[in-house]
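This report concerns only the one structure given below.
The values are calculated or read from the model by the stated rules, or taken from the named source; none is laboratory data. Since this is a predicted model, take the numbers as computed values, not measurements. Ideal geometry is used to build each Cβ from the backbone, glycine not excepted, and the neighbour counts take in all protein chains shown. Accessible surface areas use protein heavy atoms only, side chains included; no ligands, DNA or RNA. Shrake-Rupley method; radii C 1.70, N 1.55, O 1.52, S 1.80 Å.
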Amino acid sequence: MKKILAYISAIILTVILVVVGFTFRQVQQQKSTLVNDLQYRTSLLADSFKESIRTPYLSGTTTSVQAVLDKFAGRERLLGLAVYDNRGGLFAMSVGLPQNLVENNNIPEKAMDANSVSSDFSDLNGMSVYVLASPLSQDSKVIGALSVFQRADYIDDNISEIWKTNLLRLLLQALLFSVAIVIIFNWVIYRPIKHLAEAIRQARSGKTGNESDIQKGNSFFKPIVAEISKITRSLVLARNSASEEARMRLQELDSPWTAERLKEFFKAYFKDRQIFVVSNREPYIHRKIKNETVWVVPPSGMVTALEPIMEACGGMWLAHGSGDADKQTVNNQDKIEVPPDEPKYTLKRIWLSEKEIKGYYIGFSNEALWPLCHLAHTRPIFRKEDWTTYRKVNGKFAESLLAEIKDVQRPIILIQDYHFALLPEMIKKARPDAEIGLFWHIPWPSAEVFSICPWRKDILNGMLGADVLGFHTQQHCNNFMETVGKEIESLVDLEKFSVTHNGHSTFIKPFPISVAFTNGAHEDDKPESEVLKNLKLKSKILGIGIDRLDYTKGILERLKGLEFFFDLHPEFKGQFTFLQIAPPSREGVEKYQKFNDEVTHEVERINEKFEDNSWKPIILLKKHHTHDEIYPLYRAAQVCLVTSLSDGMNLVAKEFVSARNDEAGVLILSQFTGAARDLKGALIINPYSAEETAEAIFKAINMPPSEQHRRMKKMRESVRDYNVYRWAAEFLGSINRLD
Ligand code: F6P
C-alpha cells in the first residue's frame, strides 16, 4: 500500500509541477502585456502634457507650470507630474506628489542626456510606481524634462490574483485527481488482484475457494484470471489425488510419513475432532524492527517439531505472546491465523506480566526445572514465590484453554514441555472428556535427583492428569516410573507402562521426536558457495555447531575439544574453520548471561592462540539464523558437532542429517543426547573429554568418502523412517487407542 501511495503522490507531484510551470508562463506573459500597456499609455500622456506645459515653461513662471500640472494630476492611476530644468533641478511638481519620489530618481537626467524617453519602476513605501521622463526641447536643444508618475501596483495585484486563482484551481484538480486515481485503482486493479490473491491462497492452503471469487472484479484481468482459474483447479485436483494416495498408504506400514499422510491419518482416526496445542514458546513471534512489523520463527526444537504437525492437521495453538509487536497483530480475541504467509491454523496468544514471566518462566521453569532435569551440574534454584507464580500461570493457561474448548466435544489437547507440568490435572478435572497428551521435551532425571524438588508431589500429580505422557527415550520413561513409584501412592504397572492414580490412568511411552525430513530440499535456500562467500570463509574444511546459547549444549566443552585438536594437529591451522552459530537464549536468566560472556571470552582466547593474519580457527555468530540460512551451512560443512551435556533429543543432529542429501559429512554426537540412540552412524563421544572430541574431529576430517556415505545413509534412513509426522502419528495414535 505504501508503494501505491508513493506512485499516486509521484503522479500528483508531476501534475503540480506541470500546472505551476504553465501558471508561471502565463504570469510572465500577463506581466509583460500589462507593463507594455502601461508604458504605451504613459508615453501618450507625456506627449500630450508636454504640449500643455511648453508655453508656461518657456515663460519661466513656476506658478503657471504648477497650475497646469495640478490640473492633470490625480486622474485615474496618475500619481503626479514633475518638470525639471535642463540641469536636472526640480522646476515644478503637482500637489501631493511625494518629494522623495521626485528627487530620488535619475530618470529625467537620463532622458535629457539621451534626448529620448527614459522610464523605470520605482518604489514608494512598498507600492510600485512607474516613472517616465520625456525631454522638453526647443530648436533641437534640450531645455528640461517632464516626468509622469503612474501607479503600477495594480500589475502586482493582477499577477498575485492569477497565482491565487490558478493555485486554488490546482488544489481542487489535484484533489479530484487523487480521488479519481484511488477509486480507479481500487476498482480496476486492487480489488481484482485481492480477489485473485485470496483465491490462490485458498487453493494453496487446500480450501476449495469459490471459483466466482476468482472471477470477481472486472474484465481488465480476464486473460490472467482465466489462467489462474485453471491453475487453482489443477492444484485442487493434485491435492485430492495426493490425499487419496496418502489415504491408501495409511495401511502400508513401510511407506514414509508425510504431511498429507498425517492429515489423512488424523481424519481417519479422529474424524472431526479438534487439536489444541499448548506451549510456552509461540511458533511465530511478531517484532517491530525499524518501524516495520516482521515475524520470526524462534530457535526451538519444540517449535521445529510441532509446527509441521499443526500445518498438516490444523487446530489451535495457545502460547505466550512474547513479541513486542504481538499485540498489534492479533484480532480482538488475541488470535491470529498462521503461518502468516499461508495460514493453516490459529495461534492464540496469552499475555503474561513481567512478574509472571519472572516467576514462571525465568524462575521456576528455567532456574529450577531445567537444571533439575538436565544433568549438566548446574544447581537448581527453588524459590517459593517462583513456584506460586508457576502454578498461577498454569492456571491462567488452563482458564484460556477451557474457554476455547467450552463447546468442543472430546477435544484433543497436546501440552508441551516442562512449563506446564500442572496443566494436565487442571484440565482433566474441569473436562474429563478431554484427551490429554503431555510431551516432556527434556530429559527426566533419576528418582534420586528429582527428590530434591520441594514440590515434586504436586508436579507429579499435575503431570498424571494426562492420558499419555511422552518422553524422548525409554530411559526417561523408566526414570519417571521410578520417580512416581517413590513419591506417590499409585499403581505403577511396568507391563503396560502406566500409572493409575486417583482412579485415572496415564500411559508413559517413548516417542523420539524428529524433523520433517525435507530430503535436502529447502525453500529458498541459497547455494553453499554463496553462503560461504558471504561469511568470507576461505579455509578448505568447515565444521559447524548450531545451538541456543545454553550451558546444557556443551559449547564450552566443544571449544576445549577444538583447542585440543589444534594443539595436536597444527597442520590444520588455516585449513579448518569451525563456525558456531549461537543465538542468545533466555537472556533474563543470570546463568545464561554469564554463560554468554564465558563463550565469547573462550572463543577470543582460542582465536588469539592460533589465528594468523588471514585465518581464525573459530567464528562465533551470536545471531538467530532461519532454516533457509542454516540448511546451506549444513550442506557446506564437513563435520557437525553436537556436544550436549544432557539433551532430551537434539534436533540439530537430525536436521544436519536431513540436509545431507549428498550423503556426505560426518556427525559428531554426544552420548548424552536422545539422538545418540537413533543416529547410529554418528561418531559418538563423551563431550566432557576434550581428547575424545579432538580425536573425533580428526577422524571426521579424514574419513574416507565411502565411510561417510555408509554412515550418513544409515542415519538418513533412520530420520526418514521416523520423521516428525510419524512421531505425531504415534503420539496421537496412542491417545486414540485410549477409546
Ligand atoms: O526443546 C526444549 C525447549 O525448552 C522448548 O520447550 C523451548 O521452546 C526451547 O527449548 C527453547 O527454549 P525457550 O523457548 O525458553 O527459548
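In the range 655-662, the count of residues that are farther than 26 Å from P527 by Cβ and either surrounded by fewer than 18 Cβ atoms within 10 Å (Cβ to Cβ) or outside the structural domain of L262 (by TED's automatic domain parsing) (or both) is zero. All conditions but one from (1) farther than 24 Å from I143 by Cβ; (2) open to solvent by 30 Å² or more (accessible area, probe 1.4 Å); (3) of a type outside the set (D, E, K, R) apply to V117; the one that does not is (1).
If the condition is being of a type in the set (A, V, I, L, M, F, W, C) and closer than 18 Å to T518 by Cβ, then the range 693-728 contributes M712, M715, V719, V724, W727, A728. Among the residues of the range 282-303, count how many are in contact with a helix residue (DSSP H, G or I) (Cβ under 6 Å, 6 or more places away or on another chain) and either open to solvent by 20 Å² or more (accessible area, probe 1.4 Å) or within 10 Å of the ligand (Cβ to nearest atom) (or both). Summing the residues that are in contact with a helix residue (DSSP H, G or I) (Cβ under 6 Å, 6 or more places away or on another chain) and either open to solvent by 20 Å² or more (accessible area, probe 1.4 Å) or within 10 Å of the ligand (Cβ to nearest atom) (or both) in the range 282-303 gives 2. Taking the criterion of being of a type in the set (A, V, I, L, M, F, W, C) and in contact with a Leu (Cβ under 7 Å, 6 or more places away or on another chain), the residues of the range 143-170 that qualify are I143, A145, L146, V148, F149, A152, I155.
Of all the listed residues (K573, K553, K591), the sole one being over 21 Å from H625 (Cβ atoms), basic (K, R) and either crowded, with 18+ Cβ neighbours inside 10 Å or more than 16 Å from the ligand (Cβ to nearest atom) (or both) is K573. Criterion first (in a loop (DSSP other than H, G, I, E, B), over 20 Å from E695 (Cα atoms) and out of contact with any helix residue (DSSP H, G or I) (no Cβ under 6 Å at 6 or more places or on another chain)) does H601 satisfy it? So H601 does not fit the description; no. Looking across the range 376-390, just one residue is open to solvent by 70 Å² or more (accessible area, probe 1.4 Å) and touching a Leu at 6+ places or on another chain (Cβ under 9 Å), and that is H377.
Given the condition outside any helix (DSSP H, G or I), β-branched (V, I, T) and crowded, with 23+ Cβ neighbours inside 10 Å, answer yes or no: does some residue in the range 679-694 qualify?
Looking only at the range 679-694, we keep the residues that are outside any helix (DSSP H, G or I), and these are 679-689.
Now restrict to residues that are β-branched (V, I, T): 684-685.
If we keep only those that are crowded, with 23+ Cβ neighbours inside 10 Å too, we end up with 685.
Checking the range 679-694: at least one residue is outside any helix (DSSP H, G or I), β-branched (V, I, T) and crowded, with 23+ Cβ neighbours inside 10 Å.
A quick yes/no check of all residues on (1) touching a residue at least 12 places away in the same chain (Cβ under 8 Å); (2) within 16 Å of the ligand (Cβ to nearest atom); (3) on the phi > 0 side of the Ramachandran plot:
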position	(1), (2), (3)
K263	yes, no, no
V277	yes, yes, no
A305	yes, yes, no
E311	yes, no, no
G314	yes, no, yes
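If you go through the range 5-27 and keep only what is polar (S, T, N, Q) and either in contact with a helix residue (DSSP H, G or I) (Cβ under 7 Å, 6 or more places away or on another chain) or surrounded by 11 or more Cβ atoms within 10 Å (Cβ to Cβ) (or both), you end up with S9, T23, Q26.
Among V393, V408, which is the only one that is farther than 30 Å from I555 by Cα and either assigned to a loop (DSSP other than H, G, I, E, B) or modelled with pLDDT under 95 (or both)? Before the answer, list the steps.
Values: V393 fails: either assigned to a loop (DSSP other than H, G, I, E, B) or modelled with pLDDT under 95 (or both).
Among V393, V408, only V408 is farther than 30 Å from I555 by Cα and either assigned to a loop (DSSP other than H, G, I, E, B) or modelled with pLDDT under 95 (or both).
Within the range 620-657, the residues that satisfy the criterion of being part of a helix (DSSP H, G or I), within 16 Å of the ligand (Cβ to nearest atom) and either touching a strand residue (DSSP E or B) at 6+ places or on another chain (Cβ under 7 Å) or closer than 21 Å to G681 by Cα (or both) are I630, L651, V652, A653, K654, E655. Taking the options L621, L651, name whichever one is buried (at least 20 other Cβ atoms within 10 Å of the Cβ) and in the same structural domain as N702 (by TED's automatic domain parsing). Criteria check complete, one pass: L651.
Within the range 400-418, the set of residues being in contact (Cβ under 8 Å) with a residue 24 or more places away in the chain, open to solvent by 10 Å² or more (accessible area, probe 1.4 Å) and more than 16 Å from the ligand (Cβ to nearest atom) comprises S400, L402, E404, V408, Q409, R410.
With respect to L667, is the statement that it is outside any helix (DSSP H, G or I) and either in contact (Cβ under 8 Å) with a residue 40 or more places away in the chain or open to solvent by less than 10 Å² (accessible area, probe 1.4 Å) (or both) true? Outline the logic, then answer.
Values: outside any helix (DSSP H, G or I): yes; either in contact (Cβ under 8 Å) with a residue 40 or more places away in the chain or open to solvent by less than 10 Å² (accessible area, probe 1.4 Å) (or both): yes.
In short, yes.
When E211 is tested against (1) charged (D, E, K, R); (2) modelled with pLDDT under 90; (3) crowded, with 21+ Cβ neighbours inside 10 Å, exactly one condition is not met: (3). For the range 594-617, the set of residues classified as touching a residue at least 24 places away in the same chain (Cβ under 8 Å) and away from the ligand (no atom under 16 Å from the Cβ) consists of E598, V599, E602, V603, I606, K609, F610, D612, S614, W615, K616, P617, listed by residue number. Among the criteria (1) more than 15 Å from the ligand (Cβ to nearest atom); (2) surrounded by 20 or more Cβ atoms within 10 Å (Cβ to Cβ); (3) closer than 22 Å to H320 by Cβ, the one W370 does not fulfil is (1).
Here's the yes/no breakdown for (1) in contact (Cβ under 8 Å) with a residue 60 or more places away in the chain; (2) in contact with an Asp or Glu (Cβ under 7 Å, 6 or more places away or on another chain):
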| residue | (1), (2) |
| --- | --- |
| A114 | no, no |
| S118 | no, no |
| N125 | no, no |
| S128 | no, yes |
| P135 | no, no |
| Q138 | yes, no |
| V148 | yes, no |
| I155 | yes, no |
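In the range 671-678, the condition of being without any contact (Cβ under 8 Å) to a residue 60 or more places away in the chain, in a strand (DSSP E or B) and within 34 Å of the chain's Cα centre (by Cα) is met by at least one residue. Pairs are defined by a Cβ separation below 7 Å, a sequence spacing of at least 6 or placement on different chains, a first member in the range 346-365 that is without any contact (Cβ under 8 Å) to a residue 40 or more places away in the chain, and a second member that is more than 15 Å from the ligand (Cβ to nearest atom) and in a strand (DSSP E or B); the pairs so defined are T346/M316; T346/K335; T346/E337.
Just one of A259, A268, A319 is free of Cβ contacts under 8 Å to residues at least 24 places away in the same chain and open to solvent by less than 60 Å² (accessible area, probe 1.4 Å); which is it?
On the way: A259 fails: free of Cβ contacts under 8 Å to residues at least 24 places away in the same chain; A319 fails: free of Cβ contacts under 8 Å to residues at least 24 places away in the same chain.
After ruling out the rest, the residue left standing is A268.
Here's the yes/no breakdown for (1) more than 28 Å from R677 (Cβ to Cβ); (2) more than 16 Å from the ligand (Cβ to nearest atom); (3) surrounded by 15 or more Cβ atoms within 10 Å (Cβ to Cβ):
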site: F420; (1), (2), (3): no, no, yes
site: W444; (1), (2), (3): no, no, yes
site: I452; (1), (2), (3): no, yes, no
site: W455; (1), (2), (3): yes, yes, yes
site: F480; (1), (2), (3): no, yes, yes
site: I508; (1), (2), (3): no, yes, yes
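Give me a count of the residues in the range 340-367 that are touching a strand residue (DSSP E or B) at 6+ places or on another chain (Cβ under 7 Å) and more than 15 Å from the ligand (Cβ to nearest atom).
5
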